[in-house]
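The values are calculated or read from the model by the stated rules, or taken from the named source; none is laboratory data. All values derive from a computational prediction rather than experimental measurement. Here the Cβ positions follow ideal geometry from the backbone for every residue, glycine too, while neighbour counts run over all protein chains shown. Please note that ligands, DNA and RNA were not included when accessible areas were found on the heavy atoms of the full protein model with its side chains. Shrake-Rupley method; radii C 1.70, N 1.55, O 1.52, S 1.80 Å.
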Amino acid sequence: RQLLIRSPRTASGANLLVLIASGVFLSAWTTSWIGIHAIFGAFAFGLIMPREARERLHRRVATPLSGIVTLLLPVFFIVTGLSVDVGLLGLGGLAALGLILLVAVVGKYAGTVLPARMSGMSWRDAGAFGTLMNTRGLTEIVILSIGRELGVIDQEMFTMMVLMALVTTAMAGPLLHWLGVTRPPAPVLASVPD
């Protein structure tokens, strides 16, 4: 933290990236060494990053790295998708998946819509809020991957939970459209030469 604060304002993005990457890897290795998953070390390193240098770090490190993130994030989803085995689910698995979806949607939706209504939101706005809160994403898939890696959940449960995350996230667009919060995208007309 002190190195980043004291680094000159003219420090190149490459030098800052090396410093940050070294800290992330060292923190990840330390938490792994003490028996905690490496991702928590990287998270802890993010917590101690200096807030004073936030703008400079964003401009010099985060913005140039956005292209790499754009490349690696789909790779993560591809690897996760390849480890999902829908063939493991028999009729019992499909019934369990249906129950998981029901509990996930009703729990998150009701847990958001009812308090939103009690605080004065309209039904439409509360429904939109509940729909957005019902989505799951990258964080859940990372946690599920860690759980499977550590043996906390088996392959069948991993498959059902990833499918639940995908279905609840995919529901958001159509539900928001149905609630009248978003408009469908305008059709793209290809220009045809005369």
Practice item. Note down the accessible area of D85, probe 1.4 Å, to the nearest 10 Å². Key: 70 Å²
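Would you mind working out the accessible area per residue for the chain, using a 1.4 Å probe, and quoting it in Å²? Before the final figure, lay out each step's value.
Values: 12960 Å² over 194 residues.
Each residue of the chain exposes 67 Å² on average to a 1.4 Å probe.
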Exercise for review: Any chance you could look up the accessible area of R148 with a 1.4 Å probe, heavy atoms only, rounded to 10 Å²?
Suggested key: 80 Å²
Study note, to complete from the structure: Between the residues M121, L88, I141, the Cα farthest towards the positive end of the dipole of the chain, that dipole coming from +1 and -1 charges on the beta-carbon of Lys, Arg, Asp and Glu, is from M121
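With a/c under 1.5 counting as rounded, go ahead and sort the stretch 18-57 into rounded, prolate or oblate using the C-alpha gyration tensor (a ≥ b ≥ c being the square roots of the eigenvalues; past the cut-off, prolate if a/b is larger than b/c, else oblate).
Values: a/c = 3.81, a/b = 2.18, b/c = 1.75.
Verdict is prolate for the stretch 18-57.
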Revision key, fill the gap. Checked against the structure, the computed Rg and Dmax of the Cα atoms in Å among (i) 21.8, 69; (ii) 22.1, 63; (iii) 18.4, 65 is the one labelled (i)
Practice item. Using a 1.4 Å probe and counting only protein heavy atoms, arrange I78, I20 so the residue with the most accessible area comes first. Key: I78, I20
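What 222 nm value per residue comes from the helices of the chain, counting each DSSP H run with n ≥ 4 as -39,500 (n - 2.57) and dividing by all residues, nearest 500 deg cm²/dmol?
Values: 10 runs with 135 residues, N = 194.
So the calculated ellipticity at 222 nm is -22500 deg cm²/dmol.
Taking a ≥ b ≥ c as the square roots of the eigenvalues of the Cα gyration tensor of the stretch 46-141, is the shape rounded (a/c under 1.5), prolate (a/b larger than b/c) or oblate?
Oblate, because a/c is 1.5 or more while a/b does not exceed b/c.
Carbon and sulfur together cover what percent of the accessible area of the chain at a 1.4 Å probe radius?
72 percent
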**Study point:** Rel. contact order, % - alpha carbon contacts under 8 angstrom, at least six apart, the chain
**Key:** 17 percent
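Please list S83, S119, S32 from largest to smallest accessible area, probe radius 1.4 Å, with all protein chains kept in place. Kindly include the intermediate steps, with their values, before the conclusion.
Numbers: S83 30, S119 95, S32 65 Å².
So, going from the largest accessible area down, we get S119, S32, S83.
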